[in-house]
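> The structure is given below, and queries will be raised subsequently.
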Amino acid sequence: MRSLLDRKKKTSGLNVALGLVPQHHPRPQRRMPSCVSCFWVLLSVCLLAVCSFSFLSPSWIVKAGSPDGQEPVSFGLLWHCSDSLGQMSSCYTFGGLGKFNDIPSSSWQTSAVLCSGGCALLVMSCFLAVVTLFLPSGLCERRLCTLAGYMQTAAVFIMASGLLVYPFGLNSNTVKKYCENSSIYYAGDCQIGWGYMLAIVGVMLSVFLPFFAKYAPKEHTSPTPIPTIL
């Protein structure tokens, strides 16, 4: 009886070796997204909304109304409001299709291009981050996370450059007309509005996105706590 069993084992092993019997390979298990990847995607979407909302805000430079009847004025990256901050009907855009030169300062034009480019990179990185949630763990997922991390790093530097360039426009004649004694990095009679402060907070928080992008893959190979993309 034992010899018969040994003969069957030898016969089955020979058939497998010759390819007569198909081998069944275990299917790779699909892993669920990790907490880090979910938090990274959620933070990316939230910061994209914050940065976009702040860049479209008309309240970067604000001057309150005075008792002698002087109306409140506010300037944004693309908007200028001259009647009431709460009425969008009194606001108009500096730039637009074919009207980019209407922005009163070359510094503000540069800032608008940089902030818009940074937002575009954040949009693409958010799209890649969402896509990685539905991919199985592997090389493709790691490459997309790394690419999204690079894009978010570039977006942070570009938007930060735009925010640093914007105060140079306070020296323009249009701003001096409403904000007396204004100069570079000095608003004069005006004040820094909530839109500019919100943009600064959004960019500062975006610095952490590349760190989370490193550990977003379902299985990462780097044991170091410092992202290699930096």
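Where a number appears in this text, it was derived from the coordinates with a stated rule and is not lab data. Since the structure is predicted, the reported quantities are computational estimates derived from the model, not experimental observations. Using ideal geometry, Cβ is built from the backbone for each residue, glycine included, and neighbour counts are taken over all protein chains shown.
> So how do 127-136, 176-185 stack up, highest first, on mean other-Cβ count within 10 Å?
Final packing ranking: 127-136, 176-185.
> Separate question: Under 5 Å between amide hydrogens, which residues at least 5 positions from Trp79 or on another chain qualify, with H placed 1.01 Å from N in the peptide plane?
Phe94
> Starting from the Cα-Cα distance between Val207 and Thr174, subtract it from 0.36 nm times their residue separation and give me the gain in nm to one decimal.
8.5 nm
> Now for a separate question. Identify, among Leu128, Gly202, Asn173, the residue whose Cα sits farthest towards the positive end of the charge dipole of segment 101-209, taking +1 on the Cβ of Lys and Arg and -1 on the Cβ of Asp and Glu, with the dipole about the Cα centre.
With unit charges placed on the Cβ atoms, the residue in question is Leu128.
> Calculate the FRET efficiency for Asp102 and Val131 from the Cβ-Cβ distance with a Förster distance of 45 Å, rounded to the nearest 0.05.
My answer for the efficiency is 0.75.
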